[in-house]
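Shown next, in structure tokens, is the structure this report addresses.
The values are calculated or read from the model by the stated rules, or taken from the named source; none is laboratory data. No experiment lies behind these values; they were computed from the predicted model shown. Ideal geometry is used to build each Cβ from the backbone, glycine not excepted, and the neighbour counts take in all protein chains shown. The protein model used for the area step is the full one, side chains on, heavy atoms only, and it has no ligands, DNA or RNA in it. Shrake-Rupley method; radii C 1.70, N 1.55, O 1.52, S 1.80 Å.
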Amino acid sequence: MHELSVVMSIVDIALEQAAKKDAVIIDEIELDIGCLSTIEMNAFEFAWKQGVKRTILERAVKKVNRIKGKGHCSDCDHTFELENLYDACPFCGGYLIGITAGKELRVKSLVVS
Amino acid sequence: MCATCGCDTGATITMHEHGHQHDHSDHHLHEHSHKKVVDVEQDILHENNLLAERNRGYFDAKNILALNLVSSPGSGKTSLLEKTLTDLKGDLNFAVIEGDQQTTNDADRIHATGTKVVQINTGKGCHLDAHMVLHAVQGMKPVQDSVLFIENVGNLVCPAMFDLGEKERVVIISVTEGDDKPLKYPDMFHSSTLCIINKTDLLPYVPFDIEKVKANAKKINPALEIIELSCTSGEGLTTWYNWLKLKAVAAMPA
């Protein structure tokens with residue numbers, strides 16, 4: 001359940017940012033969560049409900065951008081969509097793959113008032 | 001975060017407000033002048049990563065080789081440590097941080113070898129994070145030119161996400177587990193630098209294909225080093241000790 005730690009980090013970041021704007025409520029929060037980021041979304045949703053309770057994030061509309069995994073093959077120089085960390089390069093079958101997208105875990109923006 | 005360790009990252013956050021001339025297709029704010037869009041663009045693990053770098057800087061400055069040992073429960077992490085600490089007592093200085101949800105059982109076992117040890121109980125937590133390690137290190141004060149083993153909570157999922165400031169991450173798998181484990185828990189194998197396959201003395205009794213597990217691990221991480229060993233028979237331990245000494249020498253320039 002590292003998702004709860006992740007949610008608590010999001011809450012910390014959001015509250016800190018809101019305080020800097022003297023905001024009393026967070027209306028919206030936008031997150032980037034990559035598909036290769038080890039976040040299980042069901043666990044995340046469960047943790048979210050608990051984590052935002054009695055904070056100014058409690059009623060915020062949450063928008064999650066799921067960013068697809070992308071790999072770059074060091075052998076054949078192709079870039080492609082990567083669904084699993086153990087997938088081979090679809091062009092040459094190699095495994096020397098650098099991940100170029102999909103690991104994101106980011107608070108992108110807030111709407112506060 | 002606690003007030004004593006300076007975790008507040010207020011100074012490093014980049015943030016700016018958008019002016020009203022910007023197009024916010026997702027936010028219909030223009031009619032609500034009291035609402036503000038805050039561009040945060042902050043990594044959720046930023047706080048942990050900052051503390052991990054802080055730990056790393058401390059280890060580097062003191063020539064401490066910090067190793068993060070990760071595995072599922074029961075792979076033999078503590079037994080491997082006991083054996084290593086006993087066998088290499090005269091060669092290297094050691095310190096150990098033990099991570100478990102409850103009890104000081106593991107720390108007691110390490111303490112019995114005569115090694116400096118600190119136990120972290122995570123309570124309900126499923127992993128160690130850089131903040132816990134920071135405080136453990138502050139308490140134990142590991143000596144210069146030493147090897148610090150950080151035995152993480154037995155869990156192949158959550159600890160993968162949290163950098164502790166270690167130099168190397170060592171994933172341990174035992175032959176009583178499935179040989180498809182790297183595929184089931186790819187993140188841990190992806191983020192580790194060394195994989196130890198433990199309990200090889202049991203190979204004749206279990207349907208564990210060691211070549212298959214190695215191939216699976218290499219699919220995820222082609223650069224992963226692999227050492228097969230058994231703490232019971234002693235087979236392969238020399239390879240592990242040599243790896244450790246090599247890394248220790250690299251961390252401790254003369």
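Anything in region B:179-209 that is under 21 Å from B:Ser233 (Cα atoms) and either over 24 Å from the mean Cα position of the chain (by Cα) or among the hydroxyl-bearing types (Ser, Thr, Tyr) (or both)? List them, or say none.
B:Thr200, B:Asp201, B:Leu202, B:Leu203, B:Pro204, B:Tyr205, B:Val206, B:Pro207, B:Phe208, B:Asp209, listed by residue number.
Across region B:90-109, which residue is most open to solvent (accessible area, probe 1.4 Å) among those that are within 18 Å of the chain's Cα centre (by Cα) and farther than 14 Å from B:Gly154 by Cα?
B:Phe94
Out of the strands (runs of 3 or more DSSP E) lying entirely within region B:1-102, which hold 2 or more residues that are at pLDDT 95 or above, over 30 Å from B:Gly114 (Cβ atoms) and within 14 Å of another protein chain (Cβ to nearest Cβ)?
B:36-43
Looking at region A:10-23 only, could you name the residues that are open to solvent by 30 Å² or more (accessible area, probe 1.4 Å) and within 10 Å of chain B (Cβ to nearest Cβ)?
Correct list: A:Asp12, A:Glu16, A:Ala19, A:Lys20, A:Lys21, A:Asp22.
Hey, which of the strands (runs of 3 or more DSSP E) in chain A, taking only ones fully inside, have at least 1 residues that are more than 27 Å from B:Cys158 (Cβ to Cβ)? Lay out the reasoning, then the answer.
On the way: elements: A:26-34, A:61-67, A:70-73, A:79-81, A:97-101, A:105-112.
It comes to A:26-34, A:61-67, A:70-73, A:79-81, A:105-112.
Checking B:Glu151 against (1) crowded, with 21+ Cβ neighbours inside 10 Å; (2) over 22 Å from B:Leu51 (Cα atoms), which test does it fail?
Only one criterion is unmet by B:Glu151, namely (2).
Got at least one residue in region A:75-89 being within 17 Å of B:Leu45 (Cβ to Cβ) and either open to solvent by less than 70 Å² (accessible area, probe 1.4 Å) or among the basic types (Lys, Arg) (or both)?
Among the residues of region A:75-89, not one is within 17 Å of B:Leu45 (Cβ to Cβ) and either open to solvent by less than 70 Å² (accessible area, probe 1.4 Å) or among the basic types (Lys, Arg) (or both), which makes the answer no.
Please go through region B:178-214 and give me each residue that is among the polar types (S, T, N, Q) and either part of a loop (DSSP other than H, G, I, E, B) or touching a Ser or Thr at 6+ places or on another chain (Cβ under 6 Å) (or both), ordered by number.
Once the filter is applied, which keeps residues that are among the polar types (S, T, N, Q) and either part of a loop (DSSP other than H, G, I, E, B) or touching a Ser or Thr at 6+ places or on another chain (Cβ under 6 Å) (or both), region B:178-214 yields B:Ser192, B:Thr193, B:Asn198, B:Thr200.
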